[in-house]
Each structure stands twice: as structure tokens, then as C-alpha cells.
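J.: I'd like to ask some things about the structure below.
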Amino acid sequence: MKEVKIAGIAIDRTSNTPVVLLREVEERKKVLPIWIGPVEAEAISQGLKNEKFNRPLTHDLLLNVLKGLKVDISKVVVSDLKDDTYFAEIYLKKDNEIFKIDSRPSDSLALASKNHIPIYVQDEVMEKGGIRLDLDDNKRVQDIRKYMEDIKPEEFGKFRM
């Protein structure tokens, strides 16, 4: 399992759909693109910018409920890729018990971005869906976005809307 960070959100020009980019933390040689909905893209973006609102939005509400129940999210994992669909799991911790909850990757990533929760991708998923980057380690997120703009959609592999 590889730890990843959200490197940014791009737009797939062919479908005008947001794509969240997960980049390996240690090796920094691969990016996993996952197509997501616009609402989830906005929630992830708000989390990355640490934006706060007067009233809780949906992902904030879930975080507030978990906090009220004294449950922590220990990590989120992009766990599988089947039939061009990504799957994720949210790991909840209460006292000494761990609970694993099935989730869409976009919702898991929104929760992670809003609460600084570690994100992981199973090795097999990164192998199947990851894109190898040949960028210098000193490059920044803007360089990744530029790289993504120049890549052809068929280089991402199949995906389902």
C-alpha cells in the first residue's frame, strides 16, 4: 500500500469532468487520476484550501457526526479498481476498535482533505490505474497540471462516467 497526497484537481477536456490526481508521497513517480463529480471536486478543493463555512456542508456534517460520537477517521484507502470503477474504504476508530466502511473514492478524499486524514492506494490499484511521471522531484503541482493538460485521454486507460 502506498501513501498518496492530493496533487490537485484537473479537468478532463474530452468530458469536461473533474479528475482528482493522487501522487505517491515517497517515490513521487506515479499519479493516480480518478474521475469524480463536480460536487465532490468542490468539496475536495474546499478541504485543500482549508475553507470554512458558517453552516456545515455534507462532508462537514459527516465529520461532525463522527466527532460527536467520538469516532476518528484513521485513514482512507483507494482499495480496488473493477470494471473501470474505483472503490475506497474509510477506516473508523473508536476506542480500540477499527471499522472499515465502503465508500466512493471521491467522498473518502473529500473527508480526508477536510480533516488532514492520511490517504493510501493499494499497490495493485496504482499499478492498474497509475500514470508514471518523468518529472524532476523539485517540480510543483503546477508542473503536474501542465503535464496532465498535454496527456491524451486514452493514456489514462478506461474510465466510466
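Each reported figure results from applying straightforward, stated rules to the coordinates on display, with no laboratory input. Quick caveat: nothing in here was measured; it's all calculated off a predicted structure. Cβ coordinates were reconstructed from backbone atoms using ideal geometry, including for glycine residues, and neighbour counts include every protein chain displayed.
J.: Under a point spin-label approximation (7 Å from Cα along Cα-to-Cβ), what is the Lys29-Asn115 distance to one decimal in nm?
T.: Modelled inter-label distance: 3.4 nm.
J.: Ranked from highest to lowest mean number of other Cβ atoms within 10 Å per residue, what is the order of the peptides 39-48, 98-107?
T.: 39-48, 98-107
J.: For segment 1-105, count the residues as N, evaluate 2.2 N^0.38 Å, and divide the Cα radius of gyration by that value, please.
T.: 1.16
J.: From the phi angles alone, apply the Karplus equation (6.51, -1.76, 1.60; θ = phi - 60°) to segment 28-35 and give each ³J(HN,Hα) in whole Hz, x where the residue is Gly or Pro.
T.: Per-residue couplings from phi come out as 6, 9, 10, 10, 9, x, 10, 6 Hz.
J.: If you don't mind, another one. Report, by chain and number, residues whose modeled amide H sits under 5 Å from the one on Ser74, excluding near sequence neighbours (fewer than 5 apart, same chain).
T.: Sorted by chain and number, the residues that satisfy this are Tyr91, Leu92, Lys93.
J.: While we're here: Going by amide H atoms built from the backbone, whose H comes under 5 Å of the H on Leu133, apart from near neighbours?
T.: Residues meeting the amide H criterion: Lys30, Val31.
J.: Continuing with this model, one more query. Applying 1/(1 + (r/R0)^6) with R0 = 30 Å to the Cβ-Cβ distance of Leu57 and Phe99, what FRET efficiency is obtained, to the nearest 0.05?
T.: 0.80
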